[in-house]
1. Among the residues of region 23-61, count how many are out of contact with any strand residue (DSSP E or B) (no Cβ under 7 Å at 6 or more places or on another chain) and not in a helix (DSSP H, G or I).
2. Looking at this structure, is residue 124 buried (at least 18 other Cβ atoms within 10 Å of the Cβ) and in the same structural domain as residue 299 (by TED's automatic domain parsing)?
3. With the requirement that a residue be crowded, with 16+ Cβ neighbours inside 10 Å, within 16 Å of the chain's Cα centre (by Cα) and not basic (Lys, Arg), what does region 286-314 give you?
4. Can you name the residue in region 247-293 that is in a loop (DSSP other than H, G, I, E, B) and of a type in the set (Phe, Trp, Tyr) and, of all such residues, is farthest from residue 114 (Cα to Cα)?
5. What tally of residues in region 77-101 results from selecting those that are closer than 15 Å to residue 276 by Cβ and surrounded by 14 or more Cβ atoms within 10 Å (Cβ to Cβ)?
6. Give region 282-307 a look and list any residue that's over 17 Å from residue 120 (Cα atoms) and in contact with a Lys or Arg (Cβ under 6 Å, 6 or more places away or on another chain), or say none.
7. Pairs under 9 Å by beta carbon, first residue within 10 Å of residue 303 (Cα to Cα) in region 265-282, partner of a type in the set (Lys, Arg), six or more apart or different chains?
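The values are calculated or read from the model by the stated rules, or taken from the named source; none is laboratory data. No experiment lies behind these values; they were computed from the predicted model shown. FYI the Cβ positions are ideal-geometry reconstructions off the backbone, even for glycines, and counts take in every protein chain you see.
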Amino acid sequence: MAEQAINSKPQGDAWRKPLRGLVYIGAAGAVLGSITPFMPISALLTDLPSHFAAYYFIGLFFLAALAAAALPLDFSPRAHKAVWGALALGFALNTWTLAPYYLPAPKTKPATSFKILQANVLFLNQDTDALQKLIAAENPDVIALSEINAAHAAFLKKLAAAYPHYLIEPSRDARGLAFLSRLPTLAIKRVSFADASVPAHVATLDINEHTVRILSLHPRTPLHGLALRDADFAAITKEFSAHKDTPLVVTGDFNATPWCPALKKLKTGLSLTDARNGYGLNGTWPVWLPAPLRLPIDHVLVSEKISVQGYKLAPATGSDHLPTVAVLSLRTD
């Protein structure tokens, strides 16, 4: 009987062994991934993992439950310390990364506000009805679109009476752009930065007798040109750092989350704040995933002289991205 009792214990614990292996691998992977938003080096091995902070945060809860099941109290103290220490570090890193999007953002007394609708409308999408309804519902002052095609362009040109200042440049691929404004606009021009094949729009607006510049861009994806995307970010930083006294908005589908090394350098270099701060993570891509799993790769970034009064996602328009709507104002303090 004693021999049977001795032999039964390892058999009863046998299921824990593969579970412990999963916990060890998962904890190590989660910590390594959670560190990448803090790395200054931009390469595929640091850029791609940096986009999944929300995934790591959610996954750590599952790993904690698995660890509780796989590591009984009488198991190796060293293993307990290693696993629970790694999980605590992962929670701390991701809490630090995600907290700005959920903590209340400081607000200033607004002057006259203006609303920007930003959207990647997908060049394969031929249906403009949803976009038309969205514009009618939101009534934005500025519209900045990427991946517009001929169908989008035809519809947008019909808005000339409401938006007399515009630059509409459709394309058969992802390079199409459109910028429309009903605010007094001094200029809208097509530009390019380090990657000459990727256009951007720069508009100069007169808002309450203050010059405001808005840059709309759609750089390459990291899998199809990480170095070129990062070079664009660096060139934009250099170009606009000479004009820091002019209020600036940088918007578009950046193919980068807020935590990737190159975009963090852009934000730091131009002292830009993410408009979604205080309004939730608001992931935009891909549209078919549940909200916590969508990546926030569509952005509205604002300089220090611009205050954010509101930020939200808008209904889908047939694209794989959700549009964003930001209400901004010039600071009066």
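1. Counting residues in region 23-61 that are out of contact with any strand residue (DSSP E or B) (no Cβ under 7 Å at 6 or more places or on another chain) and not in a helix (DSSP H, G or I) gives 6.
2. Values: buried (at least 18 other Cβ atoms within 10 Å of the Cβ): no; in the same structural domain as residue 299 (by TED's automatic domain parsing): yes.
No; evaluated as a whole, the condition is false for this residue.
3. 287, 295, 296, 297, 298, 299, 300, 301, 302, 311, 313, 314
4. 288
5. Of the residues in region 77-101, 4 are closer than 15 Å to residue 276 by Cβ and surrounded by 14 or more Cβ atoms within 10 Å (Cβ to Cβ).
6. Result: 305, 307.
7. Pairs found: 270/244; 271/244; 273/267; 274/267.
Residues checked against (1) buried (at least 19 other Cβ atoms within 10 Å of the Cβ); (2) at pLDDT below 95; (3) part of a loop (DSSP other than H, G, I, E, B):
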| site | (1), (2), (3) |
| --- | --- |
| 103 | no, yes, yes |
| 110 | no, yes, yes |
| 116 | yes, no, no |
| 119 | yes, no, no |
| 133 | no, no, no |
| 140 | yes, no, yes |
| 156 | yes, no, no |
| 161 | no, no, yes |
